[in-house]
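As structure tokens, the structure follows; a few thoughts come after it.
The values are calculated or read from the model by the stated rules, or taken from the named source; none is laboratory data. Not measured: the values here are computed from a predicted model. Heads up, the Cβs are rebuilt from the backbone with ideal geometry, glycines too, and the neighbour counts pull from every protein chain shown.
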Amino acid sequence: MSMNTQGRPTAPQAASAAAAGSALLPEEPLLFEIGDHDHSGVDLPDVDVSDDRLGGLRRQSPLDLPGLTEPEAMRHYVRLSRRNYSIDSGMYPLGSCTMKHNPRLNEKMARLAGFADVHPLQPVSTVQGALGVIDELARWLMELTNTVAVAMSPKAGAHGELCGMMAIRAAHDAKGQGHRNIVLVPESAHGTNPATAAFLGYTVKSIDANENGTVDVEAVKAALSDDVAAIMLTNPNTCGLFEPQVIEIAQAVHEAGAYFYCDGANFNAIMGVVRPGDLGIDAMHINLHKTFSTPHGGGGPGAGPVVLSEALAPYAPVPFLRRDGDKLELIEHAGAESFGRLTAFHGQMGMYVRALTYMLSHGADGLAQAARDAVLNANYIKAKLRDVMSAPFNGQPVMHEALFDDTFLKGTGVTTLDFAKAMIDEGFHPMTMYFPLVVHGAMLIEPTESESLQTLDVFIAAMRDLVQDAKAGNVERFTSAPRRAPLSRLDETRAARQPRLKWTPLDNSREAAE
Ligand SMILES: *Cc1c(COP(=O)(O)O)cnc(C)c1O
């Protein structure tokens with residue numbers, strides 16, 4: 001690409017290369033590279049403003065926005081969107097993330113003006129319908145979990161963890177137990193669990209998994225003491241297994257004066273079938289964006305309401321809703337026990353609408369069916385791949401996700417990473433790699449209830465073909481993958497360590513020269 005003296009590609013060349021289509025261009029140029037800076041995309045008459053009220057704040061230099069026609073701007077974004085792999089374009093078996101289909105009905109509801117256009121500072125009397133949705137959703141969440149309170153405002157699963165752990169800390173403080181400074185976290189936990197505990201100043205004590213990939217109550221008892229504030233346990237866990245001793249663990253934790261924080265990100269596997277409140281949890285976040293649909297990943301959007309037991313309910317954050325006859329009130333200032341405010345406003349309205357739409361359109365029986373289908377799909381994949389891939393923990397049945405390790409790749413010269421990259425050439429998003437850490441070279445596959453038997457069979461056939469090729473010594477197919485993606489293997493470490501978040505002409509010329 002030729003550059004002019006300021007390091008910008010000359011506009012006509014960049015534009016014509018882009019117009020030629022993505023096949024000829026390894027990278028889509030930025031709008032700033034395509035656009036001509038002397039023009040504007042809209043026709044505005046010159047205005048003779050001799051007198052304005054901006055005083056000395058009037059802009060001295062041009063805005064420097066790229067001038068593009070509407071088709072040019074539109075094509076840029078459409079070309080970019082085509083490079084996205086999404087659940088709408090193919091199977092997305094990313095374990096732990098629960099990437100499920102988002103019914104279009106949800107979008108239609110979320111876009112209703114009464115939900116999409118409300119402002120968080122509107123008088124409460126003008127948003128009774130929107131508050132009604134939050135209230136109804138809260139009731140469903142408490143019903144599904146058999147709990148007595150729910151904090152709706154956390155904006156993601158990890159944020160929900162923070163909320164639940166702050167309630168636990170407030171409860172200990174209120175009981176004169178503020179000295180408790182240890183949080184127990186099984187080694188199979190999602191990284192956000194120890195991160196949350198550490199963020200709040202707790203010392204994290206790891207609990208080993210047993211040979212079945214679950215947590216023994218005896219291991220928990222051995223770690224409990226007067227200094228333990230809580231355990232953070234994921235159930236079903238990140239190996240896709242239901243913790244068989246969860247009730248005994250809850251009892252032991254409570255007897256030691258600690259609380260049971262449950263990571264409920266995998267609620268998809270048990271919604272409508274098991275009520276976590278019956279298992280003895282004190283706090284649990286629910287990832288609405290995983291369990292109750294909403295496209296997510298890549299930074300948002302999310303919502304992580306936290307259901308709370310009677311013991312923790314008084315410490316919930318503000319704001320919360322209170323029903324007074326037909327009217328809903330927003331309680332912004334609670335009593336002294338609440339740990340305070342977690343977010344500026346009330347949470348993610350669009351996500352609430354999508355989640356409630358998902359619930360109402362499924363009904364109670366439909367939610368249980370979706371959980372059962374998700375479990376069935378995961379076990380189908382596991383059963384169909386077990387003879388060629390290696391499954392840890394004696395290959396026992398799983399809940400929502402099928403976990404494999406890299407034993408079957410031993411001696412082939414193909415790694416888990418290579419295998420995952422080769423899946424891209426087969427038209428699938430890779431599964432989750434190297435997580436959970438408790439098994440070597442982990443491959444975690446979660447189909448969810450979204451996938452049909454036909455799709456699963458195509459996926460399984462592609463996986464079996466890859467395994468066969470790896471074992472036959474066709475290493476090249478893997479180490480050179482992906483070949484069909486616009487870009488192949490990227491330096492992800494450098495991208496994370498030295499992100500370039502701002503485009504300047506100078507930067508661009510230096511990068512181009514490298
Ligand atoms: C996704 C996930 C989280 C974190 O949720 P976010 O919404 O991404 O913050 C925590 N724990 C588990 C087990 C998860 O799968």
### Query
What number of residues within the range 385-406 satisfy the criterion of being out of contact with any Leu (no Cβ under 8 Å at 6 or more places or on another chain), touching a residue at least 40 places away in the same chain (Cβ under 8 Å) and farther than 23 Å from residue 273 by Cα?
4
### Query
Which one of 252, 265 is more than 10 Å from the ligand (Cβ to nearest atom) and either modelled with pLDDT of 95 or more or within 24 Å of residue 365 (Cβ to Cβ) (or both)?
252
### Query
When the residues of the range 1-60 are filtered to those that are of a type outside the set (A, V, I, L, M, F, W, C), at pLDDT below 75 and not in a loop (DSSP other than H, G, I, E, B), which remaining residue is nearest to residue 81 (Cα to Cα)?
22
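Among the residues of the range 322-337, what is the count of those that are surrounded by 17 or more Cβ atoms within 10 Å (Cβ to Cβ) and under 16 Å from residue 130 (Cβ atoms)?
1
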### Hey, residue 282 of a type in the set (Asp, Glu) and without any contact (Cβ under 8 Å) to a residue 60 or more places away in the chain or not
no
### Message
If I filter the range 64-113 down to residues being more than 16 Å from the ligand (Cβ to nearest atom) and among the polar types (S, T, N, Q), which single residue comes out as modelled with the highest pLDDT?
### Response
106
### Query
residue 64 versus (1) under 24 Å from the mean Cα position of the chain (by Cα); (2) among the acidic types (Asp, Glu); (3) assigned to a loop (DSSP other than H, G, I, E, B): which is the lone unmet condition?
(1)
### Query
Which of the residues belonging to the range 215-244 are at pLDDT 95 or above and of a type in the set (Ser, Thr, Tyr)?
225, 234
### Message
Quick check on this structure: which one of 325, 298, 347 is at pLDDT below 95 and closer than 20 Å to residue 96 by Cβ?
### Response
298
### Task
Scan the range 268-298 residue by residue and report those that are surrounded by fewer than 20 Cβ atoms within 10 Å (Cβ to Cβ) and near the ligand (Cβ under 10 Å from one of its atoms).
297
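Can you pull out the residues in the range 171-184 that are without any contact (Cβ under 8 Å) to a residue 24 or more places away in the chain and not in a loop (DSSP other than H, G, I, E, B)?
173
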### Task
Could you run through the range 124-170 and say how many residues are among the polar types (S, T, N, Q) and in a loop (DSSP other than H, G, I, E, B)?
3
### Task
Would you please list the contacts, defined by Cβ atoms under 9 Å and residues six or more apart or on different chains, that run from a residue in the range 485-506 that is touching a residue at least 40 places away in the same chain (Cβ under 8 Å) to a residue that is part of a loop (DSSP other than H, G, I, E, B) and of a type in the set (D, E, K, R)?
485/83; 486/27; 486/28; 486/83; 487/27; 487/83; 505/8
